[in-house]
Each structure stands twice: as structure tokens, then as C-alpha cells.
Amino acid sequence: MTETILGGDDPHGLDEDLAAHLAGLLLDIPRAEPLEPRGPTQFTEEKTGDLAREVEPVAAVDLLLTALESDWWDEAAREIENRTTTTQIEPVTESDVGETETVDPVEELRAELVPAEPRTVVPPSGSGLGRVGVVLVLALIALAGLALRIVNLGVVGLNSDESVYAGQGGALLGVGSMPEHFSIFRAHPLLLQFTMGVVFRLVGENDVAARATVSVLFGLGSVVVSYLLARELYGQRVAIASAGLLATMPYHVVVSRQVLVDAPMAFFAVLGIYLAARAVRRDSRRDLYLSFVACALAAISKEIAVLLVPVLVAWMVFGPAKIKLVRFIGPSMVFAAIGLPFPLTRLINQPSNASQFFLWQFARAPNHSPDYFLNVLLQFAGIGFVAALIAGVAVVALRRSAADQLLLWWLGTFGLFFQFWPTKLFPYLFLILPAMVIAGVAAIEHIAQRLLAQSMANVAIALSAVLIVTSFTIGSAGIVLAGPAAELEGFGDFDIEVQTFAGSREFGEWAGENTPDNARFLTIGPSLGNILRFYGARDSVALSVSTNPERRNPAYIPIENPDLAMRQMSVHYVVWDAYSADRSAFYNNRLRGYARKLGGEIVFSAWAEGDQLVTTTGPPPDDVEVRIVVWDIPGAGSTTGGQREAGLS
């Protein structure tokens, strides 16, 4: 007779045979006949994978009860279903066992299938730093990334796009006078705009608060999810290096510090890709659904993110996972439920306006040369990073592991789209920058391990990461600490100019305090008018807005006869700004001609002295770098002009 393990004081009152029977039923494993005792307990035998495990029947019941209460049960059940088989084990004698150390088989199985605690943020890995070292390094990266994204955040005001998104948010939630000056619906969905409206409701109309929200929540947040993705794909070492590069790279820092829809889109996109990778590794339906939820949130930040769905489906269907298409029906319905309301609302309520925006996006003329994005990376990431990126693309294309294929789908789809899309704008690369960084770091690791011994490879990888992060930190710090009128040069001059619109905030605030509520301003282009509406709550029209509906942004109204409008006093001020003048010499000369012809008097100007900005309620000095000049038009003035030309050339 074998000894009964459960009995007497045991609250369950189960005997050994009943416990073994329950374990067999719950695990769906054919019940094995009990063996003769070998030591103090009785075992049934089973083989999981290629490891033979022996489990106490009563402890197996406890294991199952624990697993049923655990979030990891789905994974445990799949492991048991896929890998468990029953085998016949020869009786083991005491002489066979010898004096080897006894290992608790129940705890061993529990550790593999049903972890006692969820996976920590910093799991053990081959980084060589240890758990404490990893935590310290990640803390330093987070601190550096946070500092680079919030220091001097208000040194210059919002630019044109930032003003539009912030103004839409204010209009959406009825903040101040913004509903009078900004339409809720424009070119993009409204997730970021709604977030800005909530911020303004909580803290008031504050441009620094708006930027800080985007910088921390979405900018630094994208670094965090990129770290998680890199760790999921390539391990801790690649993840730490990738997080360090993204946290300090000048390009990532510059885009993160702005209120742009690209920031939340990239954050949710990387989160969705990470969850998809985890869904494949764990065969988790929950993670797959969450991945599509994150992708939908990316799509309602900026519509180009709808391409994430075919990217992820293609990787999971045609890649090593070979997931069947039927698995995507439910997640796709969730994606549609989140992503479709915005476009359907536009098409139902404003079909004409929605179609105008759609056609305008496709009708826009190319605004940059084909090498624009390469020059952006050279100037704001450096030639070293570009070299690592090229090597990374080559390595993942040749190696083509499951992780490599995901990066290739991601980079290839969006990279080709951005390259061949006629309009190329500075923040576009923000969406694929994590893939670029991860590929570059993975290439450095791969090459180092191929060419060097393991110990030397570890040193080379760590040294490369430290040097690049240090270089990035110095470059980003120079940009962050620069004055409001400084040019953002990065690592060289590759003819990539990031306009800060220095002086525009000061002009808008001056207009709001010193002009009538119904004052209207004439500008060269609509960009300055957006900033004026946000800071000054004043209306404007722009010379460069075409009278042809097919060639203009539907959000802007053209002015057919500026001369007549000013003579009839429907336009009261003329505003010149250096940014718009540099983009359009024709409209620059035309606007200055109106100011001379109608005898305008200079009532506000802003100029740069070094990297600092100076303003005055009059004309600027001679021989200075003028940024903004405002003329007050008194109606039908003299044809000889009013104040001097204010040093404009």
C-alpha cells in the first residue's frame, strides 16, 4: 500500500487516487497507472516536450487550481495541449538515483507554464548588466529623454501646424474664442486635437502645457514602447541601445517637442506592432485584439496608419507564424469600430468638404526633392546612423528571421510610401524611426558577433552605443538650449530648414492686445494666420491661397482683390514674415507693394540679434535679420509709401 498524501487534516479530503484522476481529467492526459513508491512520495509520469517530468497527483491539482486563477492560464493550456504526451517509464531503483540533488518537479512545471508573477519590465537577459544595472541604465535613458523634451519647451511659440491642432482641440471642447477661429474638421482625425482640448480645459490655453503633454505622453512614450518592441524581437541588449538612441536622437527630440499628429500616431503604431509580436510569440488572441485596438488609435491620430493592418496581417500570414486569415476577422471588426466613425461622419455630414480635402491631398505638387528624407537623417541623425541603418537593412534582408521580416514589412511599406508620395514633410519619418534604429542596432550586434570573440563583441557593442548616444545627446542639447531665433543645424548643413516661426507668438499676442476684435490681417501665406488665430484671436487672409478650389487647402478662403479689400477697409493690417517670404518671392514682393502703395505705417516688428529675439512697436533697426513686420493700412493712402522698408531685402 502506498502512503496517502492528502487526508486527515486536509480540508479537501481527497485521497491519492481521486487526486490523480482529477489531474488526468483536467489536463486531458490519459491517466497512468501508479508506480511503486520511490522515496517518500508517489508519482505519475508524463513527458512535456523533450523533458521528462514527474508530478505528484495532489500537487498537480494545486497547480491546476493556481493556473485557473492566473492570467497565464491560456498560455499554459496551449502548452499542455500542444506538447504533453504520456510515456511508459521504467521503474527507477534507489541505486539509479544516487545522491543527486532533488528538484521539485511541480515547481519546475509551474515556473514554465504558470509563472507565479507576471513578466517584469526588466527580465533577465544577455545584456551583461544584471537586473540592477539594467534598471539604472534605463533610468538614465528616461531621465535624459525627459530632460531633452521639456527643457526650454516654451522658448518659441507654436508653429503653424501646432496652432491648427491646438486650435482644433480648443474648438472641439469650446475653449475660449477658439470655436470662432478654428473649424473642428480639417485634414486629419481628432485624437490629438481632443487631447489638446482636454489639456486646455484643465490648465487653460497654455502652449507649454500642450507641448509637454505631447512630449512626455507620446514622445517619451514612444521610446518606452520601442524598447519593449526591441526586447521582444531581439533581446535586452538591442532594446537598451535602441531606447538610448531614440531618447537622445536630435530628429526624435525635435519632433517630440511639437504638437503634431505624427507623435501619437507613432506611439500607438509601435505599441500595436509590439502587441502583434507578443501575440505571435504567445499565440495570444487577447494581444492580437489589443494590437488592432492600438493600430486603430494610430489611425484616428493620422489616417496613414491604416496601412498598419495590412503590414501586420501580411507578416503574420506569410511569415513564419502562418496564422490563418480567419483569426483576423474579430480584430478587424474592432479596428473598424474605432477607426471608421471619423471618416463616416465626415462623408455623411460634410460630403463636399471631405471630398475636397481628399482631392487636395492627391493634387498637391511635390514640395521637396527625392533625397529630402536622406538629407533629414544626415542632418538630424548623422552619417554614422545612416551607415548603421544601411547595414541594418542589409542584415535583416539577408537574414530574414521572423523579427527581421517584421522590420522589413514595416520599413518597406511606409518607407516606400513616404518616398513616392509627392508631399514630403519633416515629421513623416517619425513613424518608422523605431524600425530604423532597431535595425541599425541589430546590425551592429550581428556584425560584432561575427567578427569578434564574444567578450570583445560585447565591449564593441556597448562602446558603439555609448559613443552614438553621447553624440546624439550633445547634438540634441545644442538644439534644446538654443535661443528662439537660432537655426536648428543638427550635425551639418544639408539644406534642411526647420522653421521655428520666431516672433510669431509675440506678434499674435500683440495683435490680441492692441487691435480691435474685428481686425483682419493680410499675410503672404496662411501659416502665419494660423498662429495669429491661436495667440491673438484675430482673422486673416493670405495672398498665396489660390482662387482655384482644386489648388488650395479647403480650410483657407482666398482673397480675389486685396487692393480693393484694403481700400474698402475690410483688411486693416499687412503682415510680412521671413518664413513665408523665403518660400514665395512673388507674393513677398506683391505684399510689400501693397504696404508701400497704401501708405502703411509700421506698428510692430521683430528681429533676431544672434539667437535671441527682439520686438518693438515700430520699425526695426537697419542691418538686422528681420523676422516680422506689421503695417497699419489707413485705407486709400498715398502712392509714395508710408514708413521706410524696414531693412527688408
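The values are calculated or read from the model by the stated rules, or taken from the named source; none is laboratory data. Everything numeric in this text was worked out from a predicted model, so none of it was measured. Cβ: placed from backbone, ideal geometry, glycine included. Neighbour counts: every protein chain shown. In case anyone asks, the SASA skips ligands and DNA or RNA and just uses the protein heavy atoms, side chains included. Shrake-Rupley method; radii C 1.70, N 1.55, O 1.52, S 1.80 Å.
Points to keep in mind about this one:
- Filter result for VAL199 (aliphatic (A, V, I, L, M) and in contact with a Ser or Thr (Cβ under 7 Å, 6 or more places away or on another chain)): yes
- Evaluation of ALA460 against (1) within 22 Å of GLY244 (Cα to Cα); (2) surrounded by 22 or more Cβ atoms within 10 Å (Cβ to Cβ) (one fails), failing number: (2)
- Lone unmet requirement of (1) more than 21 Å from ALA147 (Cβ to Cβ); (2) part of a loop (DSSP other than H, G, I, E, B) for VAL259: (1)
- Look at region 141-155: where a residue is polar (S, T, N, Q), no partner that is part of a helix (DSSP H, G or I) and surrounded by fewer than 19 Cβ atoms within 10 Å (Cβ to Cβ) sits 6+ places away or on another chain with Cβ atoms under 9 Å.
- Listed by first and then second residue, the pairs with beta-carbon distance under 6 Å, at least 6 apart or on different chains, first residue in region 582-598 and within 20 Å of MET569 (Cβ to Cβ), second open to solvent by 60 Å² or more (accessible area, probe 1.4 Å), are LYS597/THR639.
- Residues that are without any contact (Cβ under 8 Å) to a residue 60 or more places away in the chain and either open to solvent by less than 10 Å² (accessible area, probe 1.4 Å) or within 11 Å of the chain's Cα centre (by Cα) (or both), drawn from region 425-438: ILE432, ALA435
- Checklist (1) within 17 Å of ALA519 (Cα to Cα); (2) at pLDDT below 95; (3) buried (at least 18 other Cβ atoms within 10 Å of the Cβ) applied to ARG567, failing item: (3)
- Check on ASN514, open to solvent by 20 Å² or more (accessible area, probe 1.4 Å) and either modelled with pLDDT of 95 or more or within 14 Å of VAL630 (Cα to Cα) (or both): yes
- Per-region count, region 378-419, residues more than 30 Å from GLN361 (Cβ to Cβ), open to solvent by 60 Å² or more (accessible area, probe 1.4 Å), in contact with a helix residue (DSSP H, G or I) (Cβ under 8 Å, 6 or more places away or on another chain) and part of a helix (DSSP H, G or I): 1
- For ILE348, the criteria (1) open to solvent by 80 Å² or more (accessible area, probe 1.4 Å); (2) modelled with pLDDT of 80 or more; (3) of a type in the set (Val, Ile, Thr) hold in every case but one, which is (2).
- Count of residues meeting criterion [assigned to a helix (DSSP H, G or I), touching a residue at least 60 places away in the same chain (Cβ under 8 Å) and either of a type in the set (Lys, Arg) or in contact with a Leu (Cβ under 7 Å, 6 or more places away or on another chain) (or both)] in region 286-301: 2
- Counted residues, region 149-176 - those being assigned to a helix (DSSP H, G or I) and farther than 30 Å from ALA241 by Cα: 13
- Selection of region 177-195 for residues being in a loop (DSSP other than H, G, I, E, B) and closer than 21 Å to VAL214 by Cα yields PHE182, ILE184, PHE185, ARG186, ALA187, HIS188, PRO189, LEU190.
- Residue-level check: of (1) surrounded by fewer than 23 Cβ atoms within 10 Å (Cβ to Cβ); (2) under 19 Å from the mean Cα position of the chain (by Cα), GLU205 misses just (2).
- Only a single item in (1) under 32 Å from the mean Cα position of the chain (by Cα); (2) open to solvent by less than 30 Å² (accessible area, probe 1.4 Å); (3) charged (D, E, K, R) is not met by ARG538, and it is number (1).
- Among the candidates ARG450, ARG505, residue that is part of a helix (DSSP H, G or I), among the charged types (D, E, K, R) and crowded, with 23+ Cβ neighbours inside 10 Å: ARG505
- Condition met for ALA230 (open to solvent by 10 Å² or more (accessible area, probe 1.4 Å) and either farther than 30 Å from GLN168 by Cα or at pLDDT below 95 (or both)): no
Listed here are the residues, each with its yes/no results for (1) at pLDDT 95 or above; (2) in a helix (DSSP H, G or I).
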| residue | (1), (2) |
| --- | --- |
| GLU117 | no, no |
| THR120 | no, no |
| PRO124 | no, no |
| SER127 | no, no |
| VAL132 | no, yes |
| VAL135 | no, yes |
| ALA139 | yes, yes |
| ALA142 | yes, yes |
| ALA147 | yes, yes |
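- Residue identified as more than 20 Å from GLU513 (Cβ to Cβ) and aromatic (Phe, Trp, Tyr) among TYR535, TYR573, TYR556: TYR556
- Any pair with Cβ under 7 angstrom, 6 or more apart, that starts in region 172-191 at a residue that is among the polar types (S, T, N, Q) and ends at one that is open to solvent by less than 40 Å² (accessible area, probe 1.4 Å) and at pLDDT below 90: SER183/ALA555
- Scanning region 302-353 for residues that are under 26 Å from PHE218 (Cα atoms), touching a residue at least 24 places away in the same chain (Cβ under 8 Å) and not in a helix (DSSP H, G or I) yields a total of 1.
- Listed by first and then second residue, the pairs linking a residue in region 236-257 that is open to solvent by less than 10 Å² (accessible area, probe 1.4 Å) to a residue that is assigned to a helix (DSSP H, G or I) and among the basic types (Lys, Arg), with Cβ atoms under 6 Å apart and 6 or more places separating them unless they lie on different chains, are ALA239/ARG231; SER256/ARG149.
- Scan of region 176-196 for residues that are among the aliphatic types (A, V, I, L, M) and open to solvent by 10 Å² or more (accessible area, probe 1.4 Å), ordered by number: ILE184, ALA187, LEU190, LEU191
- Filter pass, GLU601 being closer than 19 Å to GLY618 by Cβ and open to solvent by 30 Å² or more (accessible area, probe 1.4 Å): yes
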